[in-house]
Amino acid sequence: MSYNFLGNSFIVAIALALGGCGGATPKPSISEATAEGKVYLLTSEPAGAKGVKDTRAAAKDADEVTLIGRIGGDEKPWVEGQAAFLIVDTSLKPCNERPGDDCPIPWDYCCDAGELPTSKAMIKIVDTTGKTVATDARKLLGVKELQTVVVHGKAKRDDAGNLTVLADKIFVRK
C-alpha cells in the first residue's frame with residue numbers, strides 16, 4: 001500500500017515538474033478582465049507598433065508611443081496592487097522556447113540577461129488623470145506572464161534611460 005502511495009506521489013511530482021516550463025500558458029480573454037479593465041482593452045490590434053528596443057532608442061519624454069512586447073523581464077514582473085508590469089522586446093526568447101531548457105521561471109528571460117536592460121519597459125495603466133490604476137494588472141486586464149501585448153500611451157524617460165509607458169490602451173494578443 002505504501003509503495004503505491006509513494007509511486008503515485010512520484011508520478012504526480014514528475015508531471016507537475018514537467019508541466020512547469022513546457023506547458024502552454026492559458027490565454028485570458030477580455031471577458032476575464034474586470035469591468036474597470038475593459039475600458040483599457042482594445043478589441044483589435046493597433047497598427048504601427050514598434051518593439052521595445054526600438055521604442056527605447058527613439059522615444060523622448062512625453063512622446064506618444066505604440067509598442068509591442070511580452071509580459072516578463074523579471075521573476076516578478078508585476079507591481080503588486082497596481083496596474084503596472086514589465087514587458088520585454090519580442091526578439092528575446094523566453095527559456096521555455098529554447099530546446100532543452102528547463103528553467104522554472106521562463107518569463108524572467110535569464111538566458112538573455114545581458115540584453116535585458118535595453119530590451120524591457122515598464123507599463124503603467126493610467127486613468128484619465130494620469131494616475132496609475134490601483135488594481136493589480138493580472139486582475140484588471142486578465143493577463144499573465146509571457147503574453148504578447150500591444151500598448152499605446154505616453155513615454156516617460158528617467159535619467160538612466162529607462163522607459164515607462166503611461167498607457168491608456170492595451171491590446172492582448174490571443
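The values are calculated or read from the model by the stated rules, or taken from the named source; none is laboratory data. All figures in this text were calculated on a predicted structure; none of them were measured in a lab. Reconstructed Cβ throughout: ideal geometry from the backbone, glycine too, with neighbour counts over all protein chains shown.
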Number of the condition not met by ASP108 [criteria: (1) without any contact (Cβ under 8 Å) to a residue 40 or more places away in the chain; (2) under 17 Å from VAL172 (Cβ atoms)]: (2)
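Just one of ALA113, ALA155 is modelled with pLDDT under 95, of a type in the set (A, V, I, L, M) and more than 16 Å from the chain's Cα centre (by Cα); which is it?
ALA113
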Odd one out for PRO99, checked against (1) more than 15 Å from the chain's Cα centre (by Cα); (2) surrounded by fewer than 16 Cβ atoms within 10 Å (Cβ to Cβ); (3) touching a residue at least 24 places away in the same chain (Cβ under 8 Å): (3)
Looking at the range 120-161, which of the residues that are in contact with a strand residue (DSSP E or B) (Cβ under 7 Å, 6 or more places away or on another chain) and polar (S, T, N, Q) is farthest from LYS50 (Cα to Cα)? THR132
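I want to confirm something. Restricting to the range 136-156 and keeping residues that are part of a strand (DSSP E or B) and touching a helix residue (DSSP H, G or I) at 6+ places or on another chain (Cβ under 9 Å), which single residue is surrounded by the fewest Cβ atoms within 10 Å (Cβ to Cβ)? Steps first, please.
Restricting attention to the range 136-156, the residues satisfying the condition of being part of a strand (DSSP E or B) are 148-156.
Subsequent filtering for residues that are touching a helix residue (DSSP H, G or I) at 6+ places or on another chain (Cβ under 9 Å) retains 149, 155.
Numbers: VAL149: 23, ALA155: 20.
For the range 136-156, the residue satisfying everything is ALA155.
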Residue match in the range 64-79 (condition: surrounded by fewer than 16 Cβ atoms within 10 Å (Cβ to Cβ) and either small (Gly, Ala, Ser) or part of a helix (DSSP H, G or I) (or both)): no
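For the range 61-89, how many residues meet the condition of being closer than 12 Å to ASP108 by Cα and of a type in the set (Val, Ile, Thr)? Please lay out each step first, then the result.
Start the filter on the range 61-89 by keeping residues that are closer than 12 Å to ASP108 by Cα, which leaves 70-78, 86-88.
Next, from what is left, pick out any that are of a type in the set (Val, Ile, Thr): 71, 87-88.
Residues meeting the conditions: 3.
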Which of the residues spanning the range 106-135 are closer than 24 Å to PRO46 by Cα, of a type outside the set (Val, Ile, Thr) and outside any strand (DSSP E or B)? SER119, ASP127, GLY130, LYS131
